[in-house]
Each structure stands twice: as structure tokens, then as C-alpha cells.
Amino acid sequence: MPVSVKQASDYSRILEIKARAHHDVSSRVTKKSPEHQVEELRRSIHTRNSGEREYLEAIDEVLNTLGPLMIKYPQYIEPFERLVEPERQIVFRVSWVDDYGNQVVNRGYRVQMNSALGPYKGGLRFHRDLNLSVVKSLAFEQVFKNSLTNLMIGAGKGGSDFDPNGRSDGEVMRFCQSYMTELYRYLGPETDIPAGDINVGGREIGYLFGQYKRLTNHFNGAITGKDTNWGGSNIRPEATGYGLVYFSEYYCNHHGTSLKGHRSVVSGSGNVALYTAEKLINFGSTVLTLSDSNGYILEPNGFTKKDVDFLKELKNTHDGILQQYTSYSKTAKYFSNENPFSVKADFAFPCATQGEITGQEANALVKNGIKGVFEGANLPCNNEAINFFKKNKVLFAPGKAANAGGVAVSGLEMIQNSQRQQWSKEEVEERLRSIMKDIFDSSLKAAKDFGFNDDIQAGANIAGFLKVANSMIQQGNV
């Protein structure tokens, strides 16, 4: 649960007494105001991470809301300074052989961001545009997300610039085996537990886990997202999408409305998007769009559950292209090289990738009367878009809170693995629903406690940060 104003004030007084007792020379010598210290911290972060655009944007998004908190409680400046420096950054060569006997070299990453709350936890992403800045931004976001779940997990993120699209199963297997051969020594159920992310699904997780098991001779919960036949959790593929819709409904209910009877645009067509669409349909919302990197599908009367099931089958063929859906549906229209955010709707669920909604898309959404934007992907809205939504009184739910269902069920998978158990679908989904309600409640409470009214973005940043920061302070300068 988030730290209240009173708790933060009490903790502040304790630290001040300790500082006086130990003659805190640095604070007496500098005599800089908290405002000056926060601004100096921002400049220092930008200088140290110069050129890492994605990472700096992720930090600024958080610092914009935590700045006032740190000015009021300056004891939190120091742990934030430590928090933005990853505990460990692992960059390595991944050399493998394609189907034609050619040697191919990719770059692998794993950023172990913070372990104050438990072993590092976060997904692996395989994408041709992946770089260290993107991985760090995702790992930083993961710190807050994992903290909000109230599960004892730290945060990390990783992946490679390898693109599995168009590759054979044999090539994907050989790449995954080479990738794991380099990374396995840094993993373990008490150390670092990766999961899937973009382009890392059940197939890739299987190959990665198989190689980990071969190298370590251990069958343990060192990876999540496994098949249910060998240690995976029920509803893990559905978890992020389902959790997103639960969170969004709680948010709508708080403002006296509901998803039912309203029109929604969804971007993406992976697990997050498809299961978001499925659950939205269950909740009575009309889902108008889905998309991929080539364009988007508009279903004017809304997708049905049967339509979504067809799309799951289409995407599971590994070469399924969204445009092929138009051969199945007589009413669907495909728009090449466009995104769905110009479609008139009540709610938007960006579930594709980071940075897909800029100021331009935000302007189009607001112009068309959007009431709420709920992030299913990690960092899909840039800071310009977020500020524009807030300025225009649009409900905005950040991914660190709204899409935490995936890592929440990964955390539940870790618990099941440690107990050598597998819970039913109903039990896992009920736990997921409860976690999403707790995340919404704690984010809302933190926002209200610290003077941000019902700004869920600010509340999620504060609630997630305080738990991690207090744990870092209590564990010493490590």
C-alpha cells in the first residue's frame, strides 16, 4: 500500500534526526534548496544518459510528478538518484547460424534495474529496433509496475535486436539457445526471472527455458510464461489484456461511467490487444479496431468474440498478417500504413508498442471526443500526448498501473512454481482481478494523499516509488 502523508512526514523527521546526530556535513556545506537539488538531479541524469532519448523520456515522465514530492520530502532525492542507475547492465554478442549455414550476429541485452523488493523480474523483447536506451526505459518503468503489484519482485528488462518474423522455427530455436547460453549465468529463481514481451511468446519461452535447463541441470522457476504442461500458469497469455480491462472499468466506475455501451479503439494484434478486445466485448464495449505494423483493421459494427478467435488463430500461424482478416469479414476495412487513433471512439487502448501515440495522435483522439486512454503497451504515449490528455480532461491510465496484470500473473506463476502447484483458471483470474483493484485503489489514494486529486498517473508513480525508495533507504547505500 502507498505511504500516506503522515507516514512520509514521520519518516522525514526520523531521517532529519539521524542526519543531525551524524553531523550530515554534505547538507550543511551545500545548503542547496530541495528545488535546486531536484533540478540539478534532472540535469545530471540527462548529462549522464545523453543520447538515450527513450530512457530520458521515461525518467522525465516520472520525475515530473515525483519532483514536488522530493521537494517536500528531500530524503527521497538520493534514492531516486540511485534508482535511475541500473544495478547491472549486461550487453553481449549472440552468434548463431541460419538455415543456409550463414553466421549471424545479434546483440543481446539484460538490464537488472532494481532488486530492493526481490529478484529482478521483467520480459525479454526481440525486435530489430531494440537498443540499450529502450531496454533501460522499459526496465525503469518495470520498477514502478512491479512495486504496485505488492508482490516481492524487483525489476529488469532485456531482449535482442533479433527479429523472429520470417525466420524458421529452427532459426528461432538456434538463436534462443545462443542467447540463453550467454545470459543463463545471470538468471535464477532467486536472482532474475525473465518472461516474454514483444515477439517472445510461448515458442520462444520454450526454447529459452529448454536451453537454461540444459545448461544448469535445474528445473526451476527461472523463467515465466511457460506452457501449462511444464510449470506455466493458467491465463498468463490473457493476463495483461484482462487486467487492463479490469483496471479501466474500475477507473470508469470511479468517474460514474462504464465500458459497457461505449466504443473502443484498440491498437496492436498480439496477445495484449486480442485479449483486451476479448474482455472488452465481454464487458459490453464495441471494439472497432486492431492493428499491426502495416496498418489497421476497422470493423464498423465491432468485432465479435468469434472474430477475435479467428484473429488469434491467424496470428498463431506465425506468418499471419492482419490484412488477411478482410478475406474473412465482408464488413471490415483495412487502412494501410495508418494507425487507428483517427477513428471516432469513446476509449482508446494502445496495446502495440512504445511511442505510438504522440501529440499528433493525441490531438486527433481529443478532437474525436475521446473520454479515456488506457495504456496496454509499455510507454505507448509520449509525454506531449500525456500532457495533452490531462489538459483536455481525458482519463489517462499509465501502463505501469493499467497493464501490470501480465507481471502480476508472472509473479503468481513464481509462487506456483515454488509450491510445485498449478492453480485453476478461476483462481488465477480472481487473484488477478483483486491485484488490479488494489493497484487502482493504491494509485488513487496516493494521488489524493499527496495533492494530485484523482490523477492516476501521479498516484501510480508515487505509490510505486515510495515502496521501492523506502526499501532502498532501509537496506543501506548499496
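The table below lists the values:
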read-out: Intensity falloff of the range 135-193 expressed as log10 I(q)/I(0), Debye formula with alpha-carbon point scatterers, at q = 0.13, 0.19, 0.21 Å⁻¹; value: -0.48, -0.84, -0.92
read-out: For residue 170, net neighbour charge (Lys/Arg +1, Asp/Glu -1) across residues whose Cβ lies under 10 Å away; value: -2
read-out: In the range 358-435, the trypsin sites (Lys or Arg not before Pro) that fall in loop regions by DSSP, at most 13 other Cβ within 10 Å; value: 393, 420
read-out: Sequence-distant aspartates and glutamates (8 or more away, or on other chains) whose Cα lies within less than 14 Å of residue 445; value: 454, 455
read-out: Axial C-alpha extent at least 20 Å, average Kyte-Doolittle at least 0.0 - helices from the chain (DSSP); value: 53-72, 132-148, 405-419, 456-474
read-out: Gain upon complete extension [residue 229, residue 344; 0.36 nm per residue less C-alpha separation]; value: 37.1 nm
read-out: The range 88-216: Rg to Rh, with Rh as the Kirkwood radius over Cα pairs; value: 0.97
read-out: Fully extended contour minus Cα-Cα distance, from residue 53 to residue 72, at 0.36 nm per residue; value: 4.0 nm
read-out: Rh by Kirkwood over Cα pairs, then Stokes-Einstein D for the range 39-128 at 1.002 mPa s and 20 °C, µm²/s; value: 135 µm²/s
read-out: Nearest-0.05 FRET efficiency for residue 448 and residue 33, computed from C-beta distance (R0 30 Å); value: 0.65
read-out: Potential extension, residue 415-residue 260 segment - 0.36 nm per residue separation minus Cα distance; value: 52.4 nm
read-out: Simple spin-label estimate for residue 437 and residue 216 in nanometres, 7 Å along Cα-Cβ; value: 3.5 nm
read-out: Within the chain: Cβ-based charge dipole about Cα centre, in debye rounded to nearest 20 (Lys, Arg +1; Asp, Glu -1); value: 760 debye
read-out: Cross-link partners of residue 305 among aspartates and glutamates (Cα-Cα below 15 Å; sequence separation of 8 or more within a chain); value: 238, 278, 313
read-out: Directionally averaged shadow of the range 238-397, computed from the convex hull of its alpha-carbon atoms, nm²; value: 8.2 nm²
read-out: Cross-link pairs beyond the 22 Å C-alpha cut-off, checked among 333/391; 279/371; 344/390; value: 333/391
read-out: Approximate spin-label separation residue 282-residue 104, in nm, with each point projected 7 Å along Cα-to-Cβ; value: 3.7 nm
read-out: Signed unit charges on C-beta, dipole axis of the range 238-397, positive-most listed residue 275, 376, 365; value: 365
read-out: Inter-label distance for residue 301 and residue 97, nm, one decimal - labels placed 7 Å from Cα along Cα-to-Cβ; value: 5.5 nm
read-out: Under 10 Å, Cβ to Cβ, from residue 220 - net charge with Lys/Arg +1 and Asp/Glu -1; value: 0
read-out: The range 406-478: chymotrypsin sites (Phe, Trp or Tyr not before Pro) falling in loop per DSSP and having at most 10 other Cβ within 10 Å; value: none
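Laboratory data are not the source of any read-out in this text; all were calculated from the coordinates shown. Just so it is clear, the structure is predicted and the values come from calculations on it, not from any experiment. Every residue, glycine as well, gets a Cβ built from its backbone with ideal geometry; the counts of neighbours run over all protein chains shown.
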